[in-house]
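Take a look at the structure below.
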Amino acid sequence: MKFDLVINLERMDDSLDMREVVAHVTEMVQMADEGGFAIAWAAEHHALEMTIAPGPFQLLAHWAAHTSQIRLGTAVAVAPYWHPIKLAGEAALLDLLSGGRLEFGIGRGAYQREFDRMMRGMPQNLGVPMMLEMIPALKALWQGDYAHEGEYWSFPAATSCPKPLQKPHPPIWVAARDPGTFNAAVREGHNIMTWPLTRPFSELEEYQRRFESALAAAPGVSRPKFMTMRHVGIYARQGGEEPFITAIQRQGRQFENLFRNLAPVVNGFPVEVDPALLTNQAEYSRENLLENVILGTPEQAIAKLKRYEAAGVDHFCFNSAYGLPLEHQKRSLRLFIDEVMPAFAGSTVRQAALA
């Protein structure tokens, strides 16, 4: 099992200087590069300080200039926010600038609040058919001239300029949740990204059943990779979980706000929601978090992650950015690299090679 890192530029309030945030995130990605992580992932979100990611390819290009080996991925480029020609060109340019390190992740989008602003209130569920129409168009544009007449996009013959360095194109990862998306992605041989978030391990098992069902329905297709992401917090001694639990619970309230438009966002910061309006907070209880996310000492984290390895997860994605204070993020990642990753044969600790 290999390990990936997803990290965002983020602020919980405006007391933190953005230059400090950028420096911190860059250092985290450099640590992941030196420590043997396979991929560093950057998101796409708009008008939110809790996930400052308006241009994932800009951020990945910055990381490319400050790392040497780690691959660089979009998790995810939000299909409805892009024109296929622009997205094909931006992705190919990043692949070129990074020396062929792009992992191209694409998805439908997350928050209805964003769709209200970016897509004139379009229901976010329409992002799925838009994404499924866009993927083959991108692959064609990466090959040469291509004209498209579809339900969501139409354009005369054009091609991606530049072309990606990787041939025939960078690896494609599809954010999948419903069975139809699994089937469509696996049928074309694309890798799968999943987000159980704070839900029980059974949520991951359900995603894996959908993955296996999609494989069974696509005979002859080489097995794609399966990735899952969880919040991670590693601390040296028992009893060090409080900062991590507090951060995840606060982010959980923000998520429900953004999904359901419960309270305003002022100058990029979500307003605290009236607790009486929240209906999805049981999974953020202390007991549930300690059970279902990777919180613990290195020994506890290894025991939890062995379940994912045994289940056949190819890439486990370490979610480090969820409003956690920067110093805790850094210590957690250092402990993970030094004391957790060596327990997994699929990880490659580059520090040993550099020593």
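Only a single criterion out of (1) buried (at least 23 other Cβ atoms within 10 Å of the Cβ); (2) within 17 Å of the chain's Cα centre (by Cα); (3) touching a residue at least 24 places away in the same chain (Cβ under 8 Å) is not satisfied by residue 61, namely (1).
Determine, yes or no, whether residue 266 is modelled with pLDDT of 95 or more, more than 26 Å from residue 70 (Cβ to Cβ) and β-branched (Val, Ile, Thr). The answer is yes for residue 266. For the condition modelled with pLDDT of 95 or more, closer than 30 Å to residue 208 by Cα and surrounded by 16 or more Cβ atoms within 10 Å (Cβ to Cβ), residue 305 qualifies.
From 180, 239, 220, 233, grab the single residue that is closer than 27 Å to residue 72 by Cβ and either without any contact (Cβ under 8 Å) to a residue 12 or more places away in the chain or among the small types (Gly, Ala, Ser) (or both).
Going through 180, 239, 220, 233 in turn, just one is closer than 27 Å to residue 72 by Cβ and either without any contact (Cβ under 8 Å) to a residue 12 or more places away in the chain or among the small types (Gly, Ala, Ser) (or both): 233.
Of the residues in segment 274-292, none is assigned to a loop (DSSP other than H, G, I, E, B) and either in contact (Cβ under 8 Å) with a residue 40 or more places away in the chain or closer than 18 Å to residue 10 by Cα (or both).
Of all residues in segment 120-149, those satisfying the criterion of being surrounded by fewer than 18 Cβ atoms within 10 Å (Cβ to Cβ) and over 30 Å from residue 167 (Cα atoms) are 120, 121, 122, 123, 125, 126.
Report yes if residue 218 is of a type in the set (A, V, I, L, M) and in contact with a Ser or Thr (Cβ under 8 Å, 6 or more places away or on another chain), otherwise no.
When the stated conditions are applied, residue 218 does not pass them.
Filtered by the rule that a residue be over 30 Å from residue 13 (Cα atoms) and basic (Lys, Arg), segment 206-262 gives 209, 210, 223, 225. The residue of segment 202-217 that is nearest to residue 7 (Cα to Cα), among those that are touching a residue at least 24 places away in the same chain (Cβ under 8 Å) and surrounded by 15 or more Cβ atoms within 10 Å (Cβ to Cβ), is 204. Cβ-Cβ contacts under 7 Å between residues 6 or more apart (or on different chains), taken from a first residue in segment 17-29 that is aliphatic (A, V, I, L, M) to a second residue that is assigned to a helix (DSSP H, G or I) and surrounded by 12 or more Cβ atoms within 10 Å (Cβ to Cβ), are listed as 28/329; 28/330; 28/333; 29/63.
Restricting attention to segment 221-252 and to residues that are β-branched (Val, Ile, Thr) and in a helix (DSSP H, G or I), the residue that is surrounded by the most Cβ atoms within 10 Å (Cβ to Cβ) turns out to be 248. Filtering 235, 207 for residues that are within 20 Å of the chain's Cα centre (by Cα) and at pLDDT 95 or above leaves a single hit, 207. For segment 3-38, filtering for residues that are surrounded by 20 or more Cβ atoms within 10 Å (Cβ to Cβ), touching an Asp or Glu at 6+ places or on another chain (Cβ under 8 Å) and of a type in the set (A, V, I, L, M, F, W, C) leaves 2.
Of the residues 159, 181, only one is under 22 Å from residue 83 (Cβ atoms), in contact with a helix residue (DSSP H, G or I) (Cβ under 8 Å, 6 or more places away or on another chain) and surrounded by fewer than 19 Cβ atoms within 10 Å (Cβ to Cβ); which?
Values: 181 fails: surrounded by fewer than 19 Cβ atoms within 10 Å (Cβ to Cβ).
Unique residue meeting the criteria: 159.
Restricting segment 313-355 to residues that are at pLDDT below 95 and outside any loop (DSSP other than H, G, I, E, B), the residue that is surrounded by the most Cβ atoms within 10 Å (Cβ to Cβ) is 350.
The values are calculated or read from the model by the stated rules, or taken from the named source; none is laboratory data. The structure displayed is predicted, hence computed values, not measured ones. Counting neighbours? That spans all protein chains shown, and the Cβs are built from the backbone with ideal geometry, glycine included.
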